[in-house]
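Heads up: the structure comes next, in structure tokens.
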Ligand code: CA
């Protein structure tokens, strides 16, 4: 799961980064200009958005992004706690609104809700055949037995599971591994896929030549 954090407050940003990195891949940026370029070039699973940013208003930015058809789930984090602000945020296209200061457990719970919804699974479990993924716990199960996967393989499988049996491009998988502008050595992806196949069975991941991979229910 890959989150984008848009927050200009350094102490808060650092604290959130530390908290979230224990559970998710996170990219932290501090203004809307960077937010625009990042959401244009990477697929995030959810965005945590401050409103008061140095180069503009987060809600207006969200409005323009929604008008362009951008659909990534957004959780607004703001000290603005009036009813009007919260309604404006939600009506503009935020999926949720959390008033600062907040308890970290509540933030994590709300992120889990967003990710479950994003995964199209209200109960938070994705399945392809007898391979299951608990989005909340970020735990995989094969025939009901918990899988212990290395970190990179776990991230790759999470992306594949979110797509069910639909194909996922190499580009998307590489992006999940390295982030924007990171390593693009495609051999590394092949190595991780090879390792993943050893854990879950080679027939469960099909190679689509020239495109990428897809999971198969076997
Ligand atoms: Ca701010």
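The figures follow:
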{"read-out": "Checking residue 72 against (1) touching a helix residue (DSSP H, G or I) at 6+ places or on another chain (Cβ under 7 Å); (2) away from the ligand (no atom under 14 Å from the Cβ); (3) outside any loop (DSSP other than H, G, I, E, B); (4) closer than 23 Å to residue 124 by Cα, the condition it does not meet", "value": "(3)"}
{"read-out": "Tally of residues being touching a residue at least 40 places away in the same chain (Cβ under 8 Å), within 16 Å of the ligand (Cβ to nearest atom) and within 23 Å of residue 118 (Cα to Cα) across segment 30-69", "value": "5"}
{"read-out": "Which numbered condition residue 97 misses (of (1) surrounded by 15 or more Cβ atoms within 10 Å (Cβ to Cβ); (2) within 30 Å of residue 203 (Cα to Cα))", "value": "(2)"}
{"read-out": "Search result, residues across segment 16-29 that are within 14 Å of the ligand (Cβ to nearest atom) and either surrounded by fewer than 17 Cβ atoms within 10 Å (Cβ to Cβ) or outside any helix (DSSP H, G or I) (or both)", "value": "28, 29"}
{"read-out": "Residue match in segment 169-182 (condition: surrounded by fewer than 20 Cβ atoms within 10 Å (Cβ to Cβ), part of a helix (DSSP H, G or I) and over 19 Å from the mean Cα position of the chain (by Cα))", "value": "no"}
{"read-out": "Odd one out for residue 53 among (1) more than 19 Å from residue 97 (Cβ to Cβ); (2) buried (at least 20 other Cβ atoms within 10 Å of the Cβ)", "value": "(1)"}
{"read-out": "Conditions (1) within 16 Å of the ligand (Cβ to nearest atom); (2) touching a residue at least 60 places away in the same chain (Cβ under 8 Å); (3) part of a strand (DSSP E or B): number failed by residue 5", "value": "(2)"}
{"read-out": "Hits in segment 77-121 - residues which are assigned to a loop (DSSP other than H, G, I, E, B), away from the ligand (no atom under 15 Å from the Cβ) and over 16 Å from residue 7 (Cα atoms)", "value": "82, 93, 95, 103, 119, 120, 121"}
{"read-out": "Search result, residues across segment 92-128 that are within 16 Å of residue 12 (Cβ to Cβ), without any contact (Cβ under 8 Å) to a residue 12 or more places away in the chain and touching a strand residue (DSSP E or B) at 6+ places or on another chain (Cβ under 8 Å)", "value": "106"}
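Values quoted throughout were computed directly from the atomic coordinates according to the rules given, and no laboratory measurement underlies them. This structure is a prediction, so every number in the text was calculated from the model and none was measured. Glycine also receives a Cβ, built like all others from the backbone with ideal geometry; neighbour counts cover every protein chain displayed.
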